1. Have a look at MET77, MET66, MET38 and tell me which one the Gaussian network model of the chain (Cα, springs below 10 Å) gives the largest fluctuation.
2. In vacuo Debye scattering of the range 49-98, one point per C-alpha: log10 I(q)/I(0) at q = 0.25, 0.28 Å⁻¹?
3. What helices in the chain pass both tests, a Cα length along the helix axis of 15 Å or more and a mean Kyte hydropathy of 1.6 or higher, using whole DSSP H runs?
4. Suppose each label sits 7 Å from its Cα in the direction of the beta carbon; what would the LYS152-GLU44 distance come out to in nanometres?
5. Provide the packing ranking of 13-23, 125-135, i.e. peptides ordered by the mean count of other C-beta atoms within 10 Å per residue, highest first.
6. Would you kindly state how much longer the chain becomes between LYS85 and SER21 on full extension, computed as 0.36 nm times their sequence separation minus their alpha carbon distance, in nm to one decimal?
7. Compute, for the chain, the length of the dipole vector about the Cα centre, with Cβ point charges of +1 (Lys, Arg) and -1 (Asp, Glu) only. Units Debye, rounded to 20.
8. Please work out the FRET efficiency for the pair LYS132 and MET66, using the Cβ-Cβ distance as r and a Förster radius of 25 Å; give the result to the nearest 0.05.
Amino acid sequence: MTDSQLTHFNAEGRAHMVDVSEKNTTDRTAAAIATLKMDAHTLELIRQGKMKKGDVLAVAQVAGIMAAKKTSDLIPMCHPIPLTKVDISFQERSDTELDVTATVKTTYVTGVEMEALTAVTAAALTVYDMCKAVDKAMVIAEVKLLEKTGGKSGDFHRAT
């Protein structure tokens, strides 16, 4: 990508919010994933609902949804986007790894990649916060966009 393709800079080379007023409204989706690596005992406590702070996955799910809705408050150049769906899911990858996935949808003039990435990050941070008393060595790893659809740039699907 060349400097002329970077859209978040004005003619003076300073950051600005991109003008999306001429873009077409289309259905847009994005999915992102984060992986938490932890001790097997920690994941077992989460699974059994025995963490002292409460239902870890329920709280993390709400945190992810809230974060997606607040992305433009956290990331300076993001546009406020009317989201039509945010879904957070959890999948055990192994006895020491938990995947957090966010799927975000809108019908709007700009995409929701940042909302999906923000959602999984906030959900993963919430899991860490609720479990740190028993496992401070947890690692949030591999935060990445899985796919996006819609918009001028077309679809993206990460190769596995």
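Only the coordinates and a few stated rules stand behind these numbers; no lab work does. Computed from a predicted structure; not experimentally measured. Because the Cβ atoms are built from the backbone with ideal geometry, glycine has one as well, and the counts that use them run over all protein chains shown.
1. Residue with maximal mean-square fluctuation among MET77, MET66, MET38: MET77.
2. Normalising to I(0) and taking log10 leaves -0.97, -1.07.
3. Long hydrophobic helices here: 56-69.
4. Those two pseudo-labels are separated by 5.4 nm.
5. With the highest mean Cβ count within 10 Å placed first, the list reads 125-135, 13-23.
6. Gain on stretching LYS85 to SER21: 20.8 nm.
7. 280 debye
8. The computed FRET efficiency comes out at 0.80.
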